[in-house]
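Here the structure comes first, spelled out in structure tokens, and everything after it is commentary.
The values are calculated or read from the model by the stated rules, or taken from the named source; none is laboratory data. What you are looking at is a predicted structure, and each value in this text was computed from that prediction instead of being measured. Cβ atoms come from the backbone with ideal geometry, glycine included; neighbour counts cover every protein chain shown.
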Amino acid sequence: MSDNGTGAPPVLLYAEHVSKHFPGVQALRDVDFTLERGEVHALVGQNGAGKSTLVKCISGVHPPDGGRILLDGREITTYTPKHAFDLGIAVVHQRPQLLPWLSVTENVMLGKLPARKGLMIDRRKADELTRDLLARFRLDIDPEVPVAYLSAPDRQQVAIAKALYRNAKLLILDEPTAALDAQRSAQLFALVEDLAQQGVGIIYVSHHLEEVFRLAHRVTVLRDGELVSTQPASELSQDEVVTLMAGHRITGSVVAESAAVSEEAVPALEFSHVETTLLHDVDFGVRQGEVVGVVGLIGAGGHDLAQVLFGLDRPTSGRVALQGRTYQPQGPKQAIAQGIFLVPEDPARDGLVPVLSVAQNVTLVSLKAVTRRGLLSLRREREVAEHYVGELSIATASVNTAVRNLSGGNQQKVLLAKALTSKAEVLVLEEPTQGVDVHAKAEIHRIVRDLASRGKAVMVVSTDIRDLLQFVDRMVALRAGRVVADVPARSTSYAQILDLTVGSVAVASA
């Protein structure tokens with residue numbers, strides 16, 4: 001990479017011997033990292049490898065304990081997110097941090113809204129500027145709509161527009177395609193390439209190595225808080241990167257064989273011609289001991305099915321049955337009491353209490369099991385949590401560690417532990433492997449298969465076709481709220497399911 005004709009030095013960011021320690025954890029140890037103008041530099045590693053900590057040091061969230069960070073050749077001495085933002089460093093998180101009840105324009109221009117005569121906000125001009133900015137980067141979003149009404153992909157695009165409005169020179173993208181379908185991902189890739197050509201330096205954090213090799217000029221691998229390797233992407237293969245991440249060669253997921261499930265068995269969970277505002281004539285079941293993958297593009301209806309099962313939405317017609325009996329929960333509490341547990345897509349926001357400990361989260365829905373005469377037994381709470389920490393291989397220094405300090409993959413496991421303490425017979429998992437590394441993904445596959453082997457009925461809602469094909473028994477494909485395929489996973493392929501979900505082939509009979 002060159003200086004792009006600006007005359008400025010090519011190195012935009014230089015992190016030298018950066019270290020960071022948290023209580024009980026050496027998150028970073030003597031890490032070097034550089035980023036050039038116009039470069040896409042991928043940062044990869046397992047969950048807990050130190051990626052997030054390095055990003056937080058660069059973006060001013062945490063000051064490093066050792067080493068230094070230079071931007072444009074000048075050492076950063078003040079570590080706050082605002083100062084980093086003012087310097088031109090912007091982060092687009094996996095789950096964008098926006099103000100939901102403000103409009104798109106207000107989020108994009110927050111703190112820099114145009115004003116008339118320096119007094120009154122010029123909303124018309126602000127909306128026009130936002131509309132022009134969105135159009136420039138081919139983002140089709142109404143600037144006047146509150147962010148709360150936008151889909152997850154649109155929110156992410158708003159976060160990117162916010163960074164670009166402030167002329168960010170260094171853009172950090174953290175798992176940017178986690179909530180995007182194939183079409184939106186392609187649009188994002190085009191945007192990243194366009195920004196790089198304009199001289200923006202981009203740190204691309206992702207577990208999706210196919211994206212890394214499509215976009216990145218260089219790849220840096222972290223493991224256990226230490227720098228393992230920085231090499232040109234052209235000199236690496238995906239297998240080599242995975243080996244560097246793990247410290248040893250990985251041969252792939254080891255998934256347990258599913259127990260034989262009789263096709264005549266009464267489904268533990270059954271949808272019969274279910275209709276809602278977004279679902280149309282949905283008809284399929286999940287038997288005990290079976291893992292069924294529900295797949296489709298974002299907005300195809302998988303999330304809406306999960307909402308119905310957890311009592312957050314109600315069918316307008318049709319029937320949902322649980323163990324052969326009509327199931328009409330009034331809310332999550334009733335759903336859990338009747339034997340259904342939902343592991344939501346965003347565990348930190350919707351399923352866990354981040355400030356509480358691992359033990360407190362695990363036992364939160366089963367307090368009766370850890371109380372005696374109305375008093376909480378801390379010993380029993382600890383024993384229950386330690387049992388599931390061991391069973392699910394949850395990486396934590398202690399069951400007393402706050403959940404917010406765990407990696408995304410381990411937060412998912414804590415939520416699975418919480419589901420198991422609820423004694424639910426039907427588990428509904430939304431995007432359980434989204435944003436987790438190859439090891440955590442394989443471990444979640446193993447846990448789900450193990451749950452099925454114990455007779456649990458498991459429904460996994462995901463947009464990741466390839467991932468589902470690795471560990472589910474059946475694939476139920478949705479398109480525009482309708483079931484377009486219900487087939488054994490072993491008798492279909494990625495291409496066939498993709499064709500059905502995007503609508504490039506005719507609707508199959510379910």
(request) Those residues that are in contact with a Phe, Trp or Tyr (Cβ under 8 Å, 6 or more places away or on another chain) and touching a residue at least 40 places away in the same chain (Cβ under 8 Å), I need them from the range 98-153; list them, please. (result) Val108, Met109, Lys112, Pro146, Val147, Ala148
(request) Within the range 386-405, track down each residue that is assigned to a loop (DSSP other than H, G, I, E, B) and either buried (at least 24 other Cβ atoms within 10 Å of the Cβ) or of a type in the set (Ser, Thr, Tyr) (or both). (result) Ser393, Ile394, Thr396, Ser398, Thr401
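This table checks each residue for (1) farther than 30 Å from Thr230 by Cα; (2) surrounded by 14 or more Cβ atoms within 10 Å (Cβ to Cβ).
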site: Ser59; (1), (2): no, yes
site: Leu87; (1), (2): no, yes
site: Leu119; (1), (2): yes, no
site: Pro146; (1), (2): yes, yes
(message) without any contact (Cβ under 8 Å) to a residue 24 or more places away in the chain and of a type in the set (Val, Ile, Thr): which single residue out of Thr277, Thr371 fits that description?
(response) Thr371
(message) Could you check the range 255-291 and list, in sequence order, the residues that are at pLDDT 65 or above, part of a loop (DSSP other than H, G, I, E, B) and closer than 19 Å to Leu468 by Cα?
(response) Arg287, Gln288, Gly289, Glu290
(request) Could you check how many residues of the range 471-499 are under 24 Å from the mean Cα position of the chain (by Cα), crowded, with 17+ Cβ neighbours inside 10 Å and part of a loop (DSSP other than H, G, I, E, B)? (result) 4
(message) When you check Lys423 against the structure, is it basic (Lys, Arg) and surrounded by fewer than 21 Cβ atoms within 10 Å (Cβ to Cβ), yes or no?
(response) yes
(request) Taking the residues in the range 292-320 that are assigned to a strand (DSSP E or B) and of a type in the set (Val, Ile, Thr) as candidates, determine which candidate is surrounded by the most Cβ atoms within 10 Å (Cβ to Cβ). (result) Val294
(message) Criterion first (free of Cβ contacts under 8 Å to residues at least 60 places away in the same chain and within 24 Å of His273 (Cα to Cα)) does Val483 satisfy it?
(response) no
(message) Condition (residue is closer than 23 Å to Thr276 by Cβ and either at pLDDT below 85 or buried (at least 22 other Cβ atoms within 10 Å of the Cβ) (or both)) applied to the range 433-445: is it met by at least one residue?
(response) no
(message) The conditions are (1) closer than 30 Å to Val205 by Cβ; (2) out of contact with any helix residue (DSSP H, G or I) (no Cβ under 7 Å at 6 or more places or on another chain); (3) part of a loop (DSSP other than H, G, I, E, B), and Lys423 fails exactly one of them. Which is it?
(response) (1)
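Just to be sure, is Ser357 at pLDDT 90 or above and either among the charged types (D, E, K, R) or closer than 30 Å to Met475 by Cα (or both)? It would help to see each step written out before you state the result.
Working: at pLDDT 90 or above: yes; either among the charged types (D, E, K, R) or closer than 30 Å to Met475 by Cα (or both): no.
Taking the combined requirement at face value, the residue does not satisfy it.
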